[in-house]
Structure formats: C-alpha cells, structure tokens
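Student: Take a look at the following structure, please.
The values are calculated or read from the model by the stated rules, or taken from the named source; none is laboratory data. Predicted model, so just to flag it, every value in this text is computed and none were measured. We place every Cβ from the backbone using ideal geometry, glycine too, and count neighbours over all the protein chains shown.
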Amino acid sequence: MIREQNFSKGPIFGPLVRFALPILLALFLQTMYGAVDMMVVGQFATAADVSAVSTASWLMQLVTSLVVGIAVGTTVLLGRKLGEGNAAESGKIVGASIALFGFLGIALTVAMELLAVPLVKLMQTPPEAVGAAVAYMRICSAGTVFIVAYNVLGSVFRGIGNSRIPLMAVAFACVFNIAGDYLLVGVFKMAAAGAAIATVAAQALSVLLSLLIIRRQKLPFALCKSDVKADPARMGAVLRLGFPIALQDVLVGISFLAITAIVNTLGVTISAGVGVAEKLCGFIMLVPSAFSQAMSAFVAQNMGAKEPGRARRGLVYGIAASLAVGVVMGYFTFFHGNLLAGIFVSGKDPAVIAAAAEYLKAYAIDCLFVSFLFCLIGYFNGCGKTTFVMLQGIIGAFGVRVPVSFFMSKRSPVSLFHIGLATPCSSVVQILLCGAYFLLLAHAAKQDTWDMEKRQSA
C-alpha cells in the first residue's frame with residue numbers, strides 16, 4: 001500500500017522535513033531536465049544555441065507553471081478531505097482532476113505548437129538563435145501531455161502525504177535525459193533540437209514509471225473508472241483553488257519572460273549569460289520551493305483536521321529550515337557565481353560566464369528573502385487563500401520586477417547586477433503584503449473565537 005502521511009498529529013519539524021526532502025530531490029531532478037539541456041548545449045554548441053535553449057525553456061516553463069499551479073488545487077483539496085477522514089470523496093476528486101488535466105494537456109499541446117514562432121519572436125530572441133529556439137520549443141511542446149500527466153500524479157501523491165514516489169519517477173527519467181543529451185547533442189551534434197528530444201523522452205518515461213507503481217500498489221482511497229469523468233462541481237472546486245495559483249505563476253513567468261526580452265536586446269552574449277544564471281537560479285531556489293509545496297500539504301491537512309495552531313507552527317519551522325540553507329546558498333552564489341556558471345558554459349566563453357556571475361549576485365540576496373516568501377505562499381495555499389496568493393504575485397511581478405528591470409536596463413553603463421536587483425525588490429514587497437495578510441487572518445480568527453465564547457456564555 002502507498003504510505004499516507006498524517007500531518008495532523010505528533011511532532012511537526014521532523015515529519016515536515018522528511019516530507020520536504022523527497023520534494024526537494026524531485027524538484028532538483030525536474031530542474032535538471034532544462035539545466036542538463038543548457039549544460040550539454042553550452043559544452044558542445046554555440047552561444048546562439050545556449051540563447052535559444054534559454055529562451056525556449058522559459059516559454060515551456062510558462063506551460064509547466066500553469067499545470068503545477070492548477071495541480072496545487074488537487075493537492076490542497078485532497079489533503080483537506082483526507083484530514084477530514086473523507087476517503088470516499090477523495091477518490092472522486094482525483095478522478096475529476098484526471099479528466100480536467102486531460103483536457104488541459106490537449107489544449108496546451110495544440111496552442112504551443114501553433115504559437116511557437118510568434119512567441120519566440122515576441123521574446124526579442126537574437127536573430128541567430130531564432131531557428132534553434134523554435135525547433136526546441138516545438139519538440140518540447142509535443143511532450144506537454146507528459147508534463148501534465150507527471151504533475152497531476154505528483155499532486156495526488158503529495159496530497160496523501162507521499163513525496164517519495166514522484167522522486168523515484170523523476171530520478172529514473174533524469175538519468176535517461178542526461179544520457180540522451182550527451183548522445184544527441186555531444187555525439188550526433190543535434191544541438192538544441194537533440195536536447196529537446198531527450199527531454200521529451202525522459203518526461204514520458206517518468207509518467208510511465210509512475211503509472212506502473214500505481215498499478216502495483218493500493219491507494220489510501222478508492223478510485224473507480226466511473227470517477228474519472230468531467231464532474232463540473234469537483235472540477236470547479238479544483239479550479240477555484242488552483243487557477244489563482246496557476247494565473248499567478250503564469251503571470252510571474254511572463255514577468256521573467258519580459259525581463260528575458262529586455263536582456264535579449266543587449267546582445268547574444270548577455271542573453272546567454274542571463275540564461276545560464278536563470279538556470280542556476282532554478283537550483284538556488286529549490287529548498288524554499290520544496291518547503292512551499294510541503295507547507296501546502298501540511299497546512300491543508302491540519303486545516304481539515306481543525307488544527308490551525310499546528311499549521312502556524314509548521315510555518316515557523318519551514319521558514320527556519322529554509323533560511324538556514326538560504327544563507328549558505330546566498331554566500332556561494334554571491335562570491336562564487338563564476339564557478340557555478342562554469343558548470344554550464346565551457347571556458348571558451350569567458351564573457352558569458354562573467355555576465356552570468358554578475359547577474360547571480362542579485363539572486364544571492366534573494367536567497368534570504370524567498371525563505372520567508374515561499375513558505376508564506378505555501379501556508380496561504382494550504383489555507384485555501386489562493387486568490388490572495390495570486391494578487392500578491394501579480395503586484396510583485398508587474399508592480400516591481402518588470403518596471404525595475406526595464407529602468408535599470410536603460411541606465412548607462414548597463415549593469416546586470418542592477419537589473420537582477422529587481423527580483424529581491426519584488427520579494428521584499430511581497431513579504432510585506434504576506435505579513436500584513438497573515439496578521440489580518442490571525443486577528444479575524446481571534447475575533448471569531450471571542451464571538452463564539454460570547455455566544456456560549458450567553
């Protein structure tokens with residue numbers, strides 16, 4: 001039987017960390033899909049190919065963000081029902097989610113295939129990188145259905161408190177992706193297109209492995225074929241929770257695409273350097289991202305079990321653990337960014353490495369801020385306050401990040417460090433918004449308690 005984790009009883013810190021660790025490793029390996037593409041292309045191809053993979057990867061990340069955001073709705077709703085002890089409803093929620101994501105996968109595949117060329121051009125991609133970027137994006141778009149399938153399966157496992165099975169699936173796929181990249185890019189010299197083919201094949205294998213595991217083991221709730229249907233009520237419930245998160249993630253992704261477009265106007269070397277830095281940032285932010293996902297499941301179960309105090313204590317523990325790692329990551333990113341960038345780019349491109357290192361210094365500062373921000377976002381997602389999560393994300397992205405990046409790009413001389421400072425500036429504003437909202441919710445909860453006590457004493 002697939003093991004279920006009950007977060008509403010017993011110790012908090014240990015189970016939370018043990019739950020977050022497989023999520024962290026799975027996110028690490030999932031990030032490796034695009035990172036290995038960048039690494040291998042950087043070693044065996046040109047700066048134009050690196051720029052192409054960077055640009056197209058951001059566009060595909062937009063698709064992934066949409067799927068992951070909606071999938072949080074499944075995780076939260078499933079966790080809540082399990083916290084309430086309602087196993088029967090859990091199966092129906094999963095069935096409706098499968099139908100919902102099936103429709104979504106088909107729609108996204110068609111849309112991305114048709115829009116590949118205009119989107120790449122909209123990104124102000126350097127002319128020498130346009131062809132490779134379009135090829136990479138179209139090949140990856142063909143694998144959108146696998147992105148959708150993997151994330152919906154992962155949302156179910158996290159909802160039941162099992163983060164190990166998604167890790168197993170993505171670990172196997174990542175090994176395959178690395179081997180495929182070196183074969184197609186390093187040996188057959190297929191550059192960006194070869195990297196994309198390897199990525200799609202690896203994603204397909206991760207889904208296949210997950211399905212094989214499900215067939216051989218028993219879920220902690222009943223799931224019948226009749227449950228897999230377009231159920232408007234339950235699909236609507238998933239969307240009400242997940243769509244605000246998805247919209248926020250997509251809009252935040254668009255803000256980073258806007259920054260990429262701004263940077264692309266500065267030349268192929270700077271474009272490639274920032275692309276490398278952004279790939280590294282995917283790894284730098286893994287710990288707070290893992291705790292954010294873990295927090296959503298932890299808080300959802302405790303809210304379902306009427307244990308808000310445990311949920312708040314979990315938030316404190318999550319921030320503390322994330323911050324401890326953030327300090328270390330920030331130090332290495334700020335002072336040794338050139339060494340990190342050298343992993344992705346060969347020594348023949350020192351200008352690209354220098355550009356990446358300069359941009360990374362700003363992200364080193366953000367390592368501290370996101371330790372608070374991501375855990376707060378996970379907490380609010382678990383509480384079902386996804387509309388607020390969406391609003392604060394939009395404010396941070398378009399009220400701070402994009403305007404600051406644009407303003408800094410127009411200053412002379414251009415400093416990638418100053419452009420990169422837009423991200424920690426955005427994080428500070430979002431933390432202030434989250435802190436204010438947390439206090440507002442705490443005050444409202446205290447007022448409800450007082451009102452209840454008055455009614456009981458009357």
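Student: Please tell me if residue 340 is of a type outside the set (Gly, Ala, Ser), surrounded by fewer than 22 Cβ atoms within 10 Å (Cβ to Cβ), in contact with a helix residue (DSSP H, G or I) (Cβ under 7 Å, 6 or more places away or on another chain) and within 17 Å of residue 376 (Cβ to Cβ).
Tutor: no
Student: Let me ask you something else. Among all residue pairs at least 6 apart or on different chains, which show Cβ distances below 9 Å where the first residue, located in region 339-358, is β-branched (Val, Ile, Thr) and modelled with pLDDT of 85 or more and the second is part of a loop (DSSP other than H, G, I, E, B) and buried (at least 16 other Cβ atoms within 10 Å of the Cβ)?
Tutor: 352/344; 352/345; 353/344; 353/345
Student: Does region 5-16 contain at least one residue that is crowded, with 16+ Cβ neighbours inside 10 Å, touching a Ser or Thr at 6+ places or on another chain (Cβ under 9 Å) and closer than 28 Å to residue 288 by Cα?
Tutor: There is at least one residue in region 5-16 that is crowded, with 16+ Cβ neighbours inside 10 Å, touching a Ser or Thr at 6+ places or on another chain (Cβ under 9 Å) and closer than 28 Å to residue 288 by Cα.
Student: Does region 32-63 hold any residues that are surrounded by 22 or more Cβ atoms within 10 Å (Cβ to Cβ) and of a type in the set (S, T, N, Q), and which are they?
Tutor: Result: 51, 54, 55, 57.
Student: If the Cβ limit is 7 Å and pairs must be 6+ apart or interchain, which residue in region 110-134 that is within 14 Å of residue 58 (Cβ to Cβ) pairs with which residue that is β-branched (Val, Ile, Thr) and outside any helix (DSSP H, G or I)?
Tutor: Short answer, once both residue conditions are applied: 124/265; 133/125.
Student: Would you mind telling me which numbered condition in (1) assigned to a helix (DSSP H, G or I); (2) surrounded by fewer than 20 Cβ atoms within 10 Å (Cβ to Cβ) residue 124 fails?
Tutor: (1)
Student: Is it the case that some residue within region 38-54 is within 21 Å of the chain's Cα centre (by Cα), of a type outside the set (Gly, Ala, Ser), in a helix (DSSP H, G or I) and closer than 19 Å to residue 205 by Cβ?
Tutor: no
Student: Go through 305, 290 for me and flag whichever is in contact with a Gly (Cβ under 9 Å, 6 or more places away or on another chain), buried (at least 19 other Cβ atoms within 10 Å of the Cβ) and in contact (Cβ under 8 Å) with a residue 12 or more places away in the chain.
Tutor: On inspection, the qualifying residue turns out to be 305.
Student: Just to check your reading of the model, which residue among 139, 213, 147 is among the hydrophobic types (A, V, I, L, M, F, W, C), part of a helix (DSSP H, G or I), over 30 Å from residue 93 (Cβ atoms) and in contact (Cβ under 8 Å) with a residue 12 or more places away in the chain?
Tutor: Sole residue among the options that is among the hydrophobic types (A, V, I, L, M, F, W, C), part of a helix (DSSP H, G or I), over 30 Å from residue 93 (Cβ atoms) and in contact (Cβ under 8 Å) with a residue 12 or more places away in the chain: 139.
Student: Could I ask something else about it? Would you mention how many residues in region 113-169 are modelled with pLDDT of 85 or more and of a type in the set (S, T, N, Q)?
Tutor: Within region 113-169, residues that are modelled with pLDDT of 85 or more and of a type in the set (S, T, N, Q) number 2.
Student: Name the residues in region 278-293 that are farther than 12 Å from residue 35 by Cβ, part of a helix (DSSP H, G or I) and not polar (S, T, N, Q), would you?
Tutor: If the condition is that a residue be farther than 12 Å from residue 35 by Cβ, part of a helix (DSSP H, G or I) and not polar (S, T, N, Q), then 287, 288, 290, 291 are the ones that fit.
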